[in-house]
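Report on the following structure.
Only the coordinates and a few stated rules stand behind these numbers; no lab work does. If you're wondering where the values come from, they're calculated on a predicted model, not measured in any experiment.
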């Protein structure tokens, strides 16, 4: 299973999205290995406007695994945020929480966002 970040979902949602990323997301969906968390869900709803995209998200909400953002996730996110601060590496709070969610649930993260490469090394 993989937690799919907004950076990859965006390619899956757009007709002109990167074909390789679209295919990775498609394969995760077909194999029932796709997951998201509420932060990713909100990020996607904030960005959709076309009827096709809205329909796609509604379908996802019915069928995709939701990885909960628990107290353990928030505690790890705080720890990671502090490590980023000490390193002088600014990472958006949402990315820190998504990265923490993937770690706590012991799943890989499908993304095309270099912030997650930094988080992975912490």
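How much length would be gained if the chain were fully extended between residue 20 and residue 38, taking 0.36 nm per residue of separation minus their Cα-Cα distance, in nm to one decimal?
4.0 nm
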Q.
Restricting to Cα pairs below 8 Å that are 6+ residues apart, what does the relative contact order work out to for the chain? Please round to a whole percent.
A. 33 percent
Q. Once Rh for the range 32-93 is found with the Kirkwood sum over Cα pairs, what is the Stokes-Einstein diffusion coefficient at 10 °C and 1.306 mPa s, in µm²/s?
A. 116 µm²/s
Q. Given springs between every Cα pair under 10 Å in a Gaussian network model of the chain, which of 47, 88, 17 has the largest fluctuation?
A. 88
Q.
Please report the projected area of the chain's Cα convex hull averaged over all directions, in nm².
A. 7.3 nm²
